[in-house]
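> Right, I'll just put the structure down here and ask away after.
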Amino acid sequence: MYYRKLGNTGLEVSEISFGTIPILQGNIPVLPAYFNLDESEALAVMTHAFQMGCNLFDTAIVPEYGDAEIKLGKFAACVGRERIIISDKARFFGGGEMYRAVETSCENLGTVPDLYFVHQVDASHEEEVFGRGGALDALAELKAEGKIRFAGVATHYYDILLRGAQDERVDVLQGSGNLLERGMLDRIRQETRFRGKGFLVNKVYAAGLLPARFPVRTLIGFALEYPVSSVLVGLGTKEQVEAAMGWDTRNPKRAVPSFEEVLSVLEKEYAPIPCDRCQRCVCPYGTEIHTLFRQYQYFYLGKDYWALKKLGLGISESARHCQECVAMPCMDTCPQKIRIAQEIQKIEKLTREYAV
């Protein structure tokens, strides 16, 4: 295992870190696969990762990640709290709620988390999070009180990550990217304002869909080519730990597929939309074009029911707006020159054919 600096925090983290979703128990809708590990099984999997050099373990508050936070606290006590770095998060955007969430997390963990993120920040909550009395103010206060060591923002949106990169209250960021959805990572690599912030990248398996099509070491190796601190992987078995961590990440012979090569692999199964989720497309009606395209891809890659439910939310209205739109600014800003209006009509047709 190799290690990288976590921005300006002074911490060094393993290049591959442990995501705790698969070790939880509970009826949790975010589960990519239902492992349902009991406490002894969960501790055994985390211990195996620790023995392979992993020192960063990421979780979220109960009940969002089931009982994973509690299990991680017990694991920390077993291996020695000072030997690992705990990353935690909560989906609360107001300062009061976030303050109470961190206190609850400390109780669940039995210790102080090293990193604490405002989780899943989107445009509808952005101003609340960054504004006066919001979640970031609460994290800054908690940091001053010694109840967390470093504060962070976790989001799937580039513009929010960029705002976090420019905010002195933010020490660490967490965003997503993978072989298929690489556009945001490409923009982060080119933007100097991200330098100095620790960065954890998640969704490198694309909700567990890509390992069936690409080797795990290719997926992780791809993400490590970017200026990130650690690649965060959800792991639920010792075999998955071995696959993710049992290889030399500095292997110079590692080949990273181009975006076009990735599309050519997917073309064997369906007609992929050539969108890398760079998020440069702007819709005057507020449609999240890149999100619709992601759900379309996920539908054909195996998350059919889940993706279809997401696609059905407002797709008819989005398709109507596309038909009415004359300016089409999204087309002007799309590097891939995707025929966006036509693709959205195709997605709308898909949701009607497979209505749930």
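Readers should treat all values here as calculations from the given coordinates under stated rules, not as data from a laboratory. As the structure is a computational prediction, the values presented were derived from the model and not from experiment. Glycine gets a Cβ as well: all are built from the backbone with ideal geometry, and neighbour counts include every protein chain shown.
> How big is the dipole moment of segment 269-353 about its Cα centre under a simple scheme where the beta carbon of each Lys and Arg is +1, that of each Asp and Glu is -1, and everything else is neutral? Debye, nearest 20, please.
Value, rounded to 20: 100 debye.
> Order the peptides 162-174, 321-333 from the highest to the lowest mean number of other Cβ atoms within 10 Å of their residues.
Highest-to-lowest ranking by the protection proxy: 162-174, 321-333.
> Can you give me the long-range amide H partners of Ser230? Hydrogens built in the peptide plane at 1.01 Å from N, cutoff under 5 Å, separation of 5 or more residues or another chain.
So Ser230 has HN proximity to Phe199, Val201.
> Residue by residue, what Karplus-based ³J(HN,Hα) values in Hz, rounded to whole numbers, does segment 173-190 have, using 6.51, -1.76 and 1.60 with θ = phi - 60° and x for Gly and Pro?
Along segment 173-190, the couplings run 10, 9, x, 10, x, 7, 3, 7, 9, 9, x, 5, 5, 4, 5, 5, 4, 8 Hz.
> Continuing with this model, one more query. Residues with amide H under 5 Å of Leu56's amide H, sequence separation 5 or more or different chain, H placed in the peptide plane at 1.01 Å from N; which?
Ser14, Phe18, Ile85
> How do 233-241, 207-215 rank on mean C-beta neighbours within 10 Å, highest first?
Highest mean packing first, the order is 233-241, 207-215.
> For a paramagnetic label modelled at 7 Å from the Cα of Ser316 toward its Cβ, which residues of segment 331-356 fall within the zone defined by backbone nitrogen distances under 13 Å?
348-349, 351-353, 355-356
> With point charges of +1 on the Cβ of Lys and Arg and -1 on the Cβ of Asp and Glu, referenced to the Cα centre of the chain, which listed residue (Ala206, Ile61, Ala271) lies farthest in the positive direction of the dipole?
Ala271
> Under 13 Å from the 7 Å Cα→Cβ point of Val282, by amide nitrogen: which residues of segment 172-199?
none
> Normalising by the residue count of segment 269-353, find the relative contact order in percent from Cα pairs under 8 Å and 6+ residues apart.
34
> On a full-extension model of 0.36 nm per residue, what is the gain between Glu242 and Glu82, subtracting their alpha-carbon distance, rounded to one decimal in nm?
That pair, Glu242 and Glu82, stretches by 55.2 nm at full extension.
> Highest GNM mean-square fluctuation, the chain, Cα pairs closer than 10 Å: which of Asn251, Asn36, Asn55?
Taking springs between Cα atoms under 10 Å, the residue moving most is Asn251.
> Moving on. Taking the Cα centroid of segment 218-273 and of segment 302-344, what is the distance between the two, rounded to the nearest whole Å?
Result: 28 Å between the Cα centres.
> Could you work out the relative contact order of segment 103-254? I mean the mean sequence separation of Cα pairs under 8 Å and 6+ apart, divided by the number of residues, in percent.
Rounded, it is 17 percent for segment 103-254.
> Another question, then. Any idea what angle helix 289-301 forms with the longest principal axis of the chain, computed on alpha-carbon atoms, 0 to 90 degrees, nearest 10?
Orientation of helix 289-301: about 80 degrees from the principal axis.
> Under 4.7 Å Cβ to Cβ, no partner at all: give me those cysteines from the chain, in residue order.
Among the cysteines of the chain, those whose Cβ sits 4.7 Å or more from every other are Cys54, Cys78, Cys106, Cys275, Cys278, Cys283, Cys322, Cys325, Cys334.
> Distance cut-off 26 Å, Cα to Cα: go down the list Lys5/Lys203; Lys203/Lys310; Lys5/Lys89; Lys203/Lys309; Lys197/Lys309; Lys71/Lys203 and report the pairs above it.
Over 26 Å Cα-Cα: Lys197/Lys309.
> Per residue of segment 82-97, what does 6.51 cos²θ - 1.76 cosθ + 1.60 with θ = phi - 60° give for ³J(HN,Hα)? Whole Hz please, x for Gly and Pro, Karplus curve as stated.
Residue by residue, segment 82-97 yields 6, 8, 10, 10, 9, 10, 10, 6, 8, 8, 10, 10, x, x, x, 5 Hz.
> Show that you can apply the helix-only estimate: for the chain, add -39,500 (n - 2.57) for every DSSP H stretch of four or more residues, divide by all residues, and state [θ] at 222 nm to the nearest 500.
-12000 deg cm²/dmol
> Right, another one. With an 8 Å cut-off on Cα pairs and a minimum separation of 6 or more residues, tell me the relative contact order of segment 3-245 in percent.
Reported relative contact order: 22 percent.
> For a quick check: with amide H placed at 1.01 Å from N, whose amide H comes under 5 Å from Leu11's, ignoring anything fewer than 5 positions away on the same chain?
Answer set, sorted by chain and number: Leu6.
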